[in-house]
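A short worksheet on the structure shown next.
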Amino acid sequence: MPQRSGHGKTGGGAFQAHKADAFMRNSFFASTAATAVLASGLMGQPALGNQPTGTFNALGTQSPSGPACASSNPYPGPAGTFPFLLTDGTVMVHDQGGTAQNWWRLTPDNTGSYSCGTWTKLASIPNSFGYGPRYYASAVLADGRLAIAGGEYNLGGPRSEIAKGAIYLPTTNQWLPIRPPAGWTSIGDAQSAVLPNGQWMISNSQTQQQALFNENNLTFTPTGYGFKICTNGETGWTLLPDGSLFSVDDNISCGTSPSAERWVNGTWFVASSKGNAPQQLFDSASELGPQILMYDGTVLVIGATGLISIYTPPPVQTPPSFQTGS
């Protein structure tokens, strides 16, 4: 079990290495990763004792709060979809079949049950956009709109790392196009984050570039000066409590040592006083596992190599400190 590190320190914390237990590998990786998060979150807390249990309900068959649904209304699209919880409580689902331009909405019933909710077809991304992405950056904005950008694949075709985007307006059931940042010829399978001020930040997965989205005029402003690794490809971003971004960089494709950085007010800085991540987290295919902000402000980084690291950021300050964690 991973141990919590640097808790309660007033200086920079520690980027500690851990080895995953054998049960965290292969087919049990995803479920035990969740177990590791729960265990780490409860370490040092009082025993829970006998707690009441919850229940699972099959989608479209049983209401959590009452009798069976009046009618079954299963998801009408194919498998392989991406759900987004909108600000009004409905769920918007991206249909990844065919050209990946179709979208659906799940509205809960009058008791709040999604199991007994209703599916409706939403507006598709217009053919004139030439855009239907798979594996892309996305964000639900504070005003309820859904913004998407990039895509490793487009319109069901071969890998293209597309440099297009679109934004959905729930109030009018309408899509508008988003132009890529000036000079960008790719966005691709990009990471992104919504900052504390509500602004959406995206990367170019094929370069060192990042940009901030202006939701009023649907344009981008460059950011991220001083990024030290060769590309953003496959790196992970975690929004820290002080509003900075923590990135574990893909060193495999760049042929460098494992590294980690923090984005603070537009500039990237070395994240750890040790300089590099303490162990190899990316596998030979440049893949990384989940990167999770824990309740105590540390970041649990689960590598695709079966190794785990825990990063402790510097103390929270306003504005964010340029001090390194470790």
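The values are calculated or read from the model by the stated rules, or taken from the named source; none is laboratory data. Nothing here was measured: the structure is a model prediction, and the numbers come from that model. Quick reminder, even Gly has a Cβ in these numbers, built from the backbone with ideal geometry, and neighbours come from all protein chains shown.
Residue pairs whose Cβ atoms lie under 6 Å apart, separated by 6 or more positions or on different chains, with the first residue in segment 237-260 and farther than 16 Å from P278 by Cβ and the second among the basic types (K, R) and in a strand (DSSP E or B), are S244/R262. Cβ-Cβ below 6 Å, separation at least six or inter-chain, first residue in segment 219-235 and not assigned by TED's automatic domain parsing to the domain that holds V270 and of a type in the set (A, V, I, L, M), second at pLDDT below 90 and not in a strand (DSSP E or B): which pairs? Correct list of pairs: I229/C254.
Within segment 187-214, the residues that satisfy the criterion of being buried (at least 18 other Cβ atoms within 10 Å of the Cβ), on the phi < 0 side of the Ramachandran plot and assigned to a loop (DSSP other than H, G, I, E, B) are I187, D189, A190, Q191, N204, S205, Q206, T207, Q209. Considering the conditions (1) at negative phi; (2) of a type in the set (S, T, Y); (3) part of a loop (DSSP other than H, G, I, E, B), S247 is excluded by exactly one of them, (3). Taking the conditions (1) β-branched (V, I, T); (2) within 19 Å of the chain's Cα centre (by Cα); (3) outside any strand (DSSP E or B) in turn, I148 satisfies each one other than (3). Note on segment 280-319: residues that are surrounded by 20 or more Cβ atoms within 10 Å (Cβ to Cβ) and within 15 Å of W263 (Cβ to Cβ) amount to 5.
Just one residue in the set S160, S138, S128, S192 is hydroxyl-bearing (S, T, Y) and farther than 28 Å from G236 by Cα; that residue is S128.
Out of the residues in segment 296-313 meeting the condition of being in a loop (DSSP other than H, G, I, E, B) and in contact with a Leu (Cβ under 9 Å, 6 or more places away or on another chain), tell me which one is farthest from P241 (Cα to Cα). Walk me through how you get there before you give the answer.
Taking segment 296-313 and keeping what is in a loop (DSSP other than H, G, I, E, B), we get 296-298, 304-306, 312-313.
From the residues that got through so far, the ones that are in contact with a Leu (Cβ under 9 Å, 6 or more places away or on another chain) too are 297, 304-305, 313.
On the way: G297: 7, A304: 25, T305: 27, P313: 9 Å.
Applying the filter and picking the extreme gives T305.
Can you confirm whether E234 is acidic (D, E) and at negative phi? Taking the combined requirement at face value, the residue does not satisfy it.
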